[in-house]
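Trainee: Quick one: the structure is below, and I'll ask about it shortly.
All of the numbers you see were taken from the coordinates with simple rules; none came from a lab. A quick note: this is a predicted structure, and the numbers were derived from the prediction, not measured. Every residue, glycine as well, gets a Cβ built from its backbone with ideal geometry; the counts of neighbours run over all protein chains shown.
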């Protein structure tokens with residue numbers, strides 16, 4: 001059952017990736033397109049977890065699993081840039097100030113480096129088989145700092161979008177993710193966090209679509 005869910009999530013992310021590419025085709029170099037990288041990382045993550053028991057325990061699966069952690073460390077912090085750029089593209093005055101134009105890329109870079117030094121360098125994995133799913137997990141628990149700051153950036157952007165444009169989905173998606181992380185402490189027999197991640201990415205794409213439509217209506 002769990003293997004099926006991970007495969008379903010992986011193919012769901014492929015669908016979201018196609019949608020993201022369609023939304024991005026008119027502005028390929030827009031900073032909000034960092035979301036493409038995050039989705040690619042999640043496609044890979046769920047595919048490797050789903051295929052784990054078919055690949056089997058050993059060096060191949062372990063090597064493929066290392067890439068999961070690398071992609072998470074490199075791509076997830078870019079959601080801070082996404083949160084800022086959505087506000088920038090929607091014309092919020094604060095986001096257009098030089099200080100924030102410099103601050104958000106720096107925060108993103110610092111978070112990436114933080115993840116590399118605290119989670120990736122010296123990373124050791126161990127095999128784990130649970131609910132008929134074989135995967136590799138970190139021996140040491142990962143630091144929550146990066147996830148907390150990324151979540152905070154998305155919450156702030158979500159509040160601003162709700163306040164200024166009555167657009168609720170970014171805030172709702174982030175809130176669902178937060179609730180999922182809490183509920184996941186007690187629910188162990190279902191990959192709830194992976195499911196909540198999917199809903200978060202869906203809310204980010206809804207936000208991207210809203211921003212694209214607003215930009216088109218402004219320019220027309």
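Trainee: Given R₀ = 22 Å, what would the calculated FRET efficiency be for residue 137 paired with residue 114, taking r from the Cβ atoms and rounding to 0.05? Intermediate values should be presented prior to the final figure.
Mentor: Numbers: r = 20 Å, r/R0 = 0.92.
The formula returns an efficiency of 0.65 here.
Trainee: Please check: in the Gaussian network model of the chain (C-alpha springs, under 10 Å), which one of 200, 60, 37 has the largest mean-square fluctuation.
Mentor: Highest fluctuation among the options: 60.
Trainee: Could you give the nm distance between label points at residue 185 and residue 129, where each point is 7 Å from its Cα heading toward the beta carbon?
Mentor: Inter-label distance under the simple model: 3.1 nm.
Trainee: Given springs between every Cα pair under 10 Å in a Gaussian network model of the chain, which of 112, 187, 86 has the largest fluctuation?
Mentor: 187
Trainee: Contour minus end-to-end for residue 28 and residue 8, with contour as 0.36 nm per residue of separation and end-to-end as the Cα-Cα distance? Present the calculation step by step, with values, prior to reporting the outcome.
Mentor: On the way: separation 20, 0.36 × 20 = 7.20 nm, distance 2.78 nm.
So the extension gain works out to 4.4 nm.
Trainee: Further, regarding this structure: Calculate for the chain the 222 nm mean residue ellipticity that helices alone would give, adding -39,500 (n - 2.57) per DSSP H run of length 4 or more and normalising by residue count, nearest 500 deg cm²/dmol. Intermediate results must be reported in sequence, preceding the final value.
Mentor: Working: 8 runs with 155 residues, N = 220.
Value at 222 nm, helices only: -24000 deg cm²/dmol.
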